[in-house]
Structure formats: C-alpha cells, structure tokens
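Report on one structure; see the data block that follows.
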Amino acid sequence: MDKKPVVFIDRDGVINFDSPDYIKSCDELFFIPQSIDAIANLSMAGHDVFVITNQSVIGRKMVTPEDLKKIFAKMTDAVKEKNGNIKEIFFCPHIPKDNCSCRKPAPGLFFQARDKYGLDLSNSVMIGDSSKDIIAAENAGVKFKILVLTGNGKKAQKELEEKKTAPDYIAENLYDAHNWIIKNTGPR
C-alpha cells in the first residue's frame with residue numbers, strides 16, 4: 001500500500017510564536033492558533049509528521065539539551081492531547097558559524113530523517129516560515145514546499161522572490177497549509 005507523503009514542519013514561527021530572544025523555556029512556548037490541531041489532523045489522516053528545526057539555543061549555551069527536551073515535550077504532549085502524533089523531532093544545535101551540514105538551509109536534517117526511517121523525500125512536504133526552510137527542502141529533494149506567512153513568512157516570501165525560488169503553496173498559517181496537503185496530496 002502506498003503511503004501518504006511525510007510532512008516536515010519547522011517549529012518557531014510555524015507551530016509556535018517565534019521570539020527574537022529565542023524560546024528558552026516552556027513558559028516562553030506559545031502555540032499559534034490551530035497549529036496543534038493541524039498537526040494532529042495530519043497524523044490522523046495517515047501522514048507521518050516530523051518537526052525539523054534549527055535550535056542554536058543549544059550552541060549559544062542559552063539552554064541545555066534537557067531544557068530543550070522539556071520544550072519539545074510540551075509540544076508533543078499538546079499534539080497527543082488532540083489524538084495526533086509527531087513521529088520525531090530532528091534539530092540542529094549548532095550556531096551559524098559552525099558550518100555544519102544540518103543547519104538549514106543545509107539539507108542534513110532531512111537526510112537524518114530519511115536515513116533513520118527509510119523515507120522517500122521525493123514524495124514529502126516541508127512547511128516553514130523562512131527562506132532557509134524552503135531552500136533546505138529544495139536541497140533535500142522534497143517534493144512540496146509550503147511557506148506559511150506566520151513568523152518570518154512575509155519576509156521570506158520577498159527573499160524567495162529575489163532568489164527566484166517559489167514554494168508550491170503560500171499558506172496563511174499551518175492550519176491553511178494542512179488543508180492544502182489534505183486536498184492536494186495523497187497516496188502515490
């Protein structure tokens with residue numbers, strides 16, 4: 001049986017409100033309206049959902065790995081409360097000057113997920129709010145790239161236009177993106 005496309009979702013600015021001071025504790029994590037519902041609905045519709053996120057708060061020594069796990073747990077627990085599931089969270093702990101292969105726009109996080117789960121990236125979806133998200137997905141061979149206008153989305157839209165890189169869909173928010181996925185993708 002063919003599987004529905006895997007859905008990768010960026011965290012800050014897509015699932016939760018972003019902060020110029022970074023998200024350093026559970027008390028600073030506030031979900032964008034309907035984002036948790038969207039994730040739950042995608043997983044209940046048969047999509048494996050992964051969060052794929054740059055988290056330089058680790059490399060900047062602003063939080064410990066244990067603190068980040070607690071923040072992630074708040075998000076995954078909220079999705080579970082809605083009967084959904086996030087299969088796994090892949091994150092880059094590095095700062096930009098580390099020049100790692102996992103910090104978006106590099107495709108390394110996608111490759112980690114692919115290698116661990118045997119995923120077909122050419123039949124997957126990425127939802128993000130930055131040009132780095134869209135470019136990383138393109139670099140990884142992800143089929144559908146969705147830009148949400150929450151978070152840095154409007155700025156990213158202009159950056160992508162300048163680079164002549166277009167997402168497959170521009171969504172108002174994660175809930176709008178999830179509706180597009182349900183309507184426009186399916187078993188291949």
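A compact table of results
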item: Residue in segment 37-55 that is among the hydrophobic types (A, V, I, L, M, F, W, C) and farther than 23 Å from ASN179 by Cβ present; result: no
item: From GLN112, GLN34, GLN55, residue being of a type outside the set (Gly, Ala, Ser) and touching a residue at least 60 places away in the same chain (Cβ under 8 Å); result: GLN34
item: Members of segment 139-148 that are free of Cβ contacts under 8 Å to residues at least 40 places away in the same chain and either surrounded by fewer than 17 Cβ atoms within 10 Å (Cβ to Cβ) or basic (Lys, Arg) (or both); result: ASN139, GLY141, LYS145
item: In segment 74-97, the residues that are exposed (fewer than 13 other Cβ atoms within 10 Å of the Cβ) and either acidic (Asp, Glu) or more than 19 Å from ASP133 (Cβ to Cβ) (or both); result: ASP77, GLU81, ASN83, LYS97
item: Among residues of segment 26-58, those that are of a type outside the set (A, V, I, L, M), within 24 Å of ASN184 (Cβ to Cβ) and assigned to a loop (DSSP other than H, G, I, E, B), counted; result: 5
item: Condition check for VAL63: in a loop (DSSP other than H, G, I, E, B), closer than 18 Å to ASN179 by Cβ and of a type in the set (A, V, I, L, M, F, W, C); result: no
item: Residue in segment 122-132 that is among the acidic types (Asp, Glu), at pLDDT 95 or above and over 18 Å from GLU88 (Cα atoms) present; result: yes
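Residue-wise test of (1) assigned to a loop (DSSP other than H, G, I, E, B); (2) within 15 Å of the chain's Cα centre (by Cα); (3) exposed (fewer than 14 other Cβ atoms within 10 Å of the Cβ).
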| position | (1), (2), (3) |
| --- | --- |
| PHE72 | no, yes, no |
| SER101 | yes, no, yes |
| LYS116 | no, no, yes |
| ALA137 | no, yes, no |
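The values are calculated or read from the model by the stated rules, or taken from the named source; none is laboratory data. Here the structure is a predicted model, which means the values were calculated and not measured. Backbone-built Cβ (ideal geometry, glycine too); neighbour counts: all protein chains shown.
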